[in-house]
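The values are calculated or read from the model by the stated rules, or taken from the named source; none is laboratory data. Just so it is clear, the structure is predicted and the values come from calculations on it, not from any experiment. Cβ sites come from the backbone with ideal geometry, for glycine too, and all protein chains shown count toward neighbours.
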Amino acid sequence: MSINRNDLLQGTLDLLILRVLATGDRHGYSIAKRIEQVSGEIFAIQMGSLYPALHRLQAKAYITSEWGVTETKRKAKFYSLTPEGKQYVEAEESSWERFVLGMRNVLDNA
Amino acid sequence: MLWFKRVLLKIGILKEGHQAFREELEEEIQIHIDQMIEENVAAGMTRQKARSAALRRFGNVLNVKEECRDSWSIRVFDQLIHGLQFAFRLFFRHPSTSLLSVIVLTIGLGIGIGMFAMAKEILWSGIGSSHDDRLFVIRWLDDSNDWSKARPKDYQHLKKNLKSFDRITAYNGHRGSIHNPKGVAYPETYFMQWVSEDFFETLGIKPILGSYFSSSDSQEILASSIVISHRVWVNHFNESRNAIGALAFVQGKAYSVRGVMPKGFSFPSYDDVWIHENWQTSVNDTNASSSRRVELCGLLKQGISIETAKSELEVMAKQLAAGDQQFYKDKINLIPNRLSERDEEVNKATLLTLICALLVLVVSCMNASNLIAARAFKRSYELATRRALGASRSSISIFVLLDAFLISTAGAIGGWLLAGWGCAFSNKIIGNIPKAPAHYHFELDNGVALFAIGATLLAAILSGIVPALRASKANMQELMSDGSGTSSSKFIGKLAKFMIGFQIAVSGAMLIVSLVTTHEIRKTLEMPLGVDSEQILIASLNPGRASGIDSRIEILNFHDQLKRELEGLPNIESVALTGSAGGIFQSKSRIRIEGIAYTSEEEWSKSYTLTISQDAFKTYGVDLRVGRDFDQFDTIDNRLVCIVSDSFAKEHWPNENPIGKRIANNPEGPWYSVIGVAPDILKTNVQRDPKTAGKLVYFHVKQKEKVGGSTRLIARGKGDLSAQVASIRKSITQLLPHFATSQIRTMDEYWESRQESTKFFALIFSVFGTAVLFKAFTGLYAMMLFASKNREREFGIRIAIGALPINILRSAFSSTFAQMMVGLALGLGIGYGISSVIVDAVMDGQPNTSPLAHPSAYTIAILVVLSASVLATGIPAWKASTANPLQALREE
């Protein structure tokens, strides 16, 4: 069963996008596909929320974009992480890990 | 700097333009959808089905586009553009209210900005040192918060032990004479300071020519050099660069000029010459007389707080007080140097004037608010329609706030120009005020610009917030059914009532302040001296240490000799001696009349006294009403005599001949016989107490135990008196080569110069008063407009259901009567309080700003406020009561 946008915790989509971009530059379609693939099809990214999130992160100067050509020779807009974005994703990752640990402890021991 | 990067990114997007952004976004989404279609086709779907599935999966493209735009705040920018369009449309569709609002805010902001520029210079500017903020005057305070100077030995103790200060310098000053034998041919008196060697190093002000004393100078060099002010350099050294090293006599002692300070520099007060004094030599003088005590100024160490320095000083003060309980109290105060050098009363007056100016600004905003509300009210249907079509409350509020911002910006431009003109005008006047520091220069600098921006934004918010709130509630349903009974309308109604009361209070108070202050000052300026002041020259005759005469007999002989010499000059008709300022400044005294049994000194007659010499009345150009003048036989060994003014004689001996009556001015003191009655002259603002004004008793200088002090020479001449000045100086120098006088000028010129600061304040308050008067009317007109729009519909309904016009009027007045009365009473009280402080500060003496002393000012203020309030309330009611009810019910 996949989790759609509404079930995702507020702010997690931004972290997912940033984490995917930490491995290299990607265009929108590729980012969505990668998240779905890495999450084992658990997260189904709604395109309606992907692009506003990409623009939001761009406005926050965490990512930047540039037009390029895909491996299939198609035109696409590629997104990449800025140094500020890298710092942000590192900080968010550690706080997310603490959150998961906390949740795990509660679920296991409560 | 992340925020800066974000701002740049947003600016970049806005710069690219809406069209480019939309096209790029559409292209990106289309590419994404195409990829999804290809994937679906690859999975075996037909192209038609693949396309439908991709579009379904992607969701609402329009929504996605909107959300992307929102990420960049493009929607807010669009709203701003629409808001500005609305504001401009409103501005030009209602030119009369727009113009009136701009004028009201121009006046408010102009007065606010101009007064801030002046207050900034008067209250917050230093002496021009790079470390002004670390310079503090150190003062011991007694129980009544008066301060005392320190003994040199304590200065040395503090200098040696205080850790909070980098330096502490000592100085002590009084009047003295300076004479450049190669310059002008006479010595002149100035205020001088005898300072420790590190005085200038502590202040951190460099001379424009030569150098200043330094701690590294030898005692020999220090003992023989002086530093002079720019003014002395101009007056005595003809601005010559050769002044450095030139010989100058200070108090008869030879010095060489070491340096010339920049124009306008003066410290600690209005000083012109600085002489080195080795205070170390006085450390053993434990009971140092006041002339040997010093004032202290310290340079606080970097990073040390005032509290730390104060604590350290208090510990030391306690140690010193323990050693000498009578001399010191253990309270100590640190005063920023920029405040210590100025007159506290002037500071207070300036601060109060600034507060008044800010109050005028607040009232201006309220006036503008009423005007903005009135015209937003006219656009109610447009706003309600926008609201009905989905515009948010915040966007409606922003529309009205932008209207206020547009008006405030236009007002700020006008205000800035007005303030600039005011500063330039004030700079012209300040140059003529003798005691105003020459470095005062009012200008609209960066600090003032910041204040102006802040004030403009505040004005926009203050004037726009209530109309914006009101407009944001615009509701088509309420408009159709008249929503005067809704809670929001009730709240705005209450707010409007509060605003009415507040405006009446502030308008009343400001009117009282401006009218009473202007009246008091004008009264002072118009008081005639009652003597031929244009034909009388006046000069200071303080013998001083350098003159070589000291005893009473020597001084009196010098006076006699000088009188003979000067009366021998062509065009000099008569010469006499008087008290301070040619007799303009008199002493207040209590007089007892022979034959009256007093139970206490409090019952004695209050009067002014003045010491003069023979021929003073002749020199003043007035004849005695009865009796005779003092003569050479009225000496201290003969019968003591006095002359009284007409007012004094009429009060004490109304139906009797005053000649031969006797008075005394102390309990044990000798009796003085009245030998003459003089007309009432020299009735100036110095005689502030109306009960005492005009009552003057003249004593003879030759019957005084102590002579000298503040003696002035007055000489009556004919023709061009400026030609006589050099001759008078020459005669004085011939008699006593080192005798110094101050500037010699006519009594009229002297009195004019003393009045300059009063004139300056009179001008400020006249301008202030005119502005307030104008504003009181425009403000109340705005209220009227607002009130009329608010209540027209209500009155229309009442008339339609049968109410009589008189009932409408009664209802209108009863609803605002309480606010009017409370506002007026508060305004009069506040106005009385503020004007008392300002008048007291601007002029010497006890002010009387009560309604009894200024019936016309209070009457005008009450009439203006009441008539405007009555009109503001009555006109809409009258209009509604006489109009066709159907017309009143129709909107727009």
Residue list for the stretch A:52-80, filter: aliphatic (A, V, I, L, M) and touching a Phe, Trp or Tyr at 6+ places or on another chain (Cβ under 7 Å): A:L54, A:A59, A:I63
Filter result for B:Q614 (crowded, with 18+ Cβ neighbours inside 10 Å and in the same structural domain as B:L721 (by TED's automatic domain parsing)): yes
Candidates B:K163, B:K149 - the one that is surrounded by fewer than 18 Cβ atoms within 10 Å (Cβ to Cβ), in the same structural domain as B:N238 (by TED's automatic domain parsing), in contact (Cβ under 8 Å) with a residue 40 or more places away in the chain and not small (G, A, S): B:K163
Residue selected from the stretch A:76-90 under the condition in contact (Cβ under 8 Å) with a residue 40 or more places away in the chain and more than 11 Å from chain B (Cβ to nearest Cβ), by the criterion surrounded by the most Cβ atoms within 10 Å (Cβ to Cβ): A:L81
Residues of the stretch B:60-82 that turn out to be crowded, with 20+ Cβ neighbours inside 10 Å and modelled with pLDDT of 80 or more, as a count: 2
Options B:P658, B:P570: the member that is modelled with pLDDT of 90 or more and more than 44 Å from the chain's Cα centre (by Cα): B:P658
Counted residues, the stretch A:45-75 - those being facing chain B (nearest Cβ under 9 Å) and farther than 30 Å from B:F4 by Cβ: 7
Residue in the stretch B:548-566 that is modelled with pLDDT of 85 or more and not in a helix (DSSP H, G or I) present: no
Selection status of B:A54, at pLDDT below 85, small (G, A, S) and farther than 17 Å from A:L54 by Cβ: no
Some residue of the stretch A:22-34 being more than 13 Å from every other protein chain (Cβ to nearest Cβ) and at pLDDT below 85: no
Counted residues, the stretch B:620-659 - those being in contact with a Ser or Thr (Cβ under 8 Å, 6 or more places away or on another chain) and under 21 Å from B:K704 (Cα atoms): 5
Condition met for B:I221 (more than 31 Å from the chain's Cα centre (by Cα), touching a residue at least 60 places away in the same chain (Cβ under 8 Å) and within 20 Å of B:A254 (Cβ to Cβ)): no
Some residue of the stretch A:2-12 being of a type outside the set (S, T, N, Q) and in a helix (DSSP H, G or I): yes
Within the stretch B:178-237, helices (runs of 4 or more DSSP H) holding 1 or more residues that are crowded, with 23+ Cβ neighbours inside 10 Å: B:199-203, B:230-237
Count - residues of the stretch B:11-56 that are surrounded by 16 or more Cβ atoms within 10 Å (Cβ to Cβ), farther than 22 Å from A:H27 by Cβ and within 13 Å of chain A (Cβ to nearest Cβ): 0
Test for A:S95: is it surrounded by 14 or more Cβ atoms within 10 Å (Cβ to Cβ) and either within 11 Å of chain B (Cβ to nearest Cβ) or out of contact with any helix residue (DSSP H, G or I) (no Cβ under 9 Å at 6 or more places or on another chain) (or both): no
Check on A:V106, over 25 Å from B:E67 (Cβ atoms) and of a type outside the set (G, A, S): yes
Only listed residue being in contact with a helix residue (DSSP H, G or I) (Cβ under 9 Å, 6 or more places away or on another chain), at pLDDT below 90 and away from chain B (no Cβ under 12 Å), chosen from A:I42, A:I17: A:I42
Selection from the stretch B:191-235 of residues that are of a type in the set (F, W, Y), touching a Gly at 6+ places or on another chain (Cβ under 9 Å) and modelled with pLDDT of 85 or more: B:F191, B:W194, B:F200, B:Y212
Hey, B:G112 of a type outside the set (A, V, I, L, M), within 24 Å of B:F451 (Cβ to Cβ), modelled with pLDDT of 80 or more and within 29 Å of the chain's Cα centre (by Cα) or not: yes
Members of the stretch B:651-685 found to be of a type in the set (V, I, T) and outside any strand (DSSP E or B), listed by number: B:I659, B:I681, B:T684
